[in-house]
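The values are calculated or read from the model by the stated rules, or taken from the named source; none is laboratory data. This structure is a prediction, so every number in the text was calculated from the model and none was measured. FYI the Cβ positions are ideal-geometry reconstructions off the backbone, even for glycines, and counts take in every protein chain you see. Heads up: the accessible areas ignore ligands, DNA and RNA and are worked out on the full protein's heavy atoms, side chains in. Shrake-Rupley method; radii C 1.70, N 1.55, O 1.52, S 1.80 Å.
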Amino acid sequence: MKVLIVGSGGREHAIAWSAAKSAKVDKIYCAPGNAGIAQYAECVDIGAMEFERLADFAQEKAIDLTIIGMDDPLVGGIVDVFEERGLKVFGPRKNAAILEGSKAFSKDLMKKYHIPTAAYENFDDPAKALAYLETEAKFPIVLKADGLALGKGVLICNTLEEAKAGVKEIMEDKKFGSAGNTMVIEEFMTGREVSVLSFVDGKTIKPMTSAQDHKRAKDGDQGLNTGGMGTFSPSPFYTREIDEYCRKHIYQPTVDAMAAEGRPFVGIIFFGLMLTNEGPKVLEYNARFGDPEAQVVLPRMKTDMIEVMEACVEGRLDQVDLVFEENAAVCVVLASDGYPVKYEKGYPIEGLENFKDKDGYYCFHAGTKFQDGKIVTNGGRVLGITAKGKDLKEARKNAYDATNWVSFANKYMRHDIGKAIDEA
């Protein structure tokens, strides 16, 4: 098979690594890719939002399967463009990707189909949002930009003053652009956060192993929200009882709800869950692999990823046995100091060769590129250092040991990824 992957981050590197392991795959292309993905794939200089050019390329190269890694092209309708050309593509159509593309849509869907989630109200008028906050809100409270905001469009406000500033930031100053035209105000939930990725073929859903992300930039969950500073898998807090509850009350009902709405979902549904005192509730949906969650989940997956994706596209996921290793993985993100606000790029990265042929250790590139024959930093999140172990403690030690194998100027990381496992 010839495979095309669309995207350029650590998630796409993990997908490329998984595709390269498949006995079915002979050739991988990635558009636009990065310096790490280039180990497995031929990188093609076409942007992820250039749908027609990507479809032209897929036709010209007789691509057998295109995998869309990123949220923007999915929400923009890339799958529809490929399907109109008769090209096989893995990911939800535009009318299903709205599950991630509009938080207001997903909240309304959960309310209609009785899927457990936080109480909320949607607003497209800042004055009405302010009036609600002044008269009915309980603090802390959560404000969410409706559209895509690179994982950063969520504000937790402890006081009315903070909430007023948040409305201004999202709806008036348009800090997240048109994503803030509509805003969701949501009750603040407490509990453990867990991420569960799942394969879906429109009717059948097969959840993957659980993971837990660390969104804040600094140790102790301080600092600004980022796209993710590290993950671990599995979550010790995601018990068999919780899994059974979620399958019955959240996972299958979500798939059934989308089908009932005439929006059958094919691809990956990422369930962001909060394990509250009243039981698990949905925090958010994503319509693709999480990043960095993919970097701990895919290395633990024993089933051939390409076979599973083909089964999803062909509507026969019920025939697939999805199996994961009985171990653990931890990913620590090496970022550019100053991320997610202001940071320098273009620094040479030393030591990447230390990961060659090291079983159970992975260096997934997120923001890198080739410059003058060297691999240099090219983003806020630069590398995802993942390691496996027999359990979470061993995997965490291995991952942190491996962060010392690579270096670049302004290298920054959190030192407490997976610390919660000590409390489990």
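Before moving on, here are some points about what is shown:
- The range 257-295: number of residues that are open to solvent by 30 Å² or more (accessible area, probe 1.4 Å) and farther than 20 Å from Leu74 by Cα: 5
- Residue identified as touching a residue at least 24 places away in the same chain (Cβ under 8 Å), in contact with a strand residue (DSSP E or B) (Cβ under 9 Å, 6 or more places away or on another chain) and under 25 Å from Lys203 (Cα atoms) among Pro280, Pro340, Pro292: Pro280
- As for the range 392-399, it holds at least one residue that is more than 15 Å from Thr231 (Cβ to Cβ), in contact (Cβ under 8 Å) with a residue 12 or more places away in the chain and either out of contact with any Ser or Thr (no Cβ under 8 Å at 6 or more places or on another chain) or of a type in the set (Ser, Thr, Tyr) (or both).
- Gln252 fulfils the conditions (1) outside any helix (DSSP H, G or I); (2) farther than 19 Å from Thr276 by Cα except for a single criterion, (1).
- Taking the criterion of being in a loop (DSSP other than H, G, I, E, B) and touching a Lys or Arg at 6+ places or on another chain (Cβ under 9 Å), the residues of the range 327-339 that qualify are Asn327, Asp337, Tyr339.
- Residue check for Leu283: touching a Leu at 6+ places or on another chain (Cβ under 9 Å) and at pLDDT 95 or above: no
- Arg414 surrounded by 15 or more Cβ atoms within 10 Å (Cβ to Cβ), part of a loop (DSSP other than H, G, I, E, B) and not β-branched (Val, Ile, Thr): yes
- Scanning the range 368-410 for residues that are in a strand (DSSP E or B) and charged (D, E, K, R) returns Lys369, Lys374, Arg381, Lys388.
- Residue in the range 296-304 that is buried (at least 17 other Cβ atoms within 10 Å of the Cβ), farther than 30 Å from Glu186 by Cβ and among the β-branched types (Val, Ile, Thr) present: no
- Every residue from the range 345-367 that is of a type in the set (Asp, Glu) and either part of a loop (DSSP other than H, G, I, E, B) or at positive phi (or both): Asp357, Asp359
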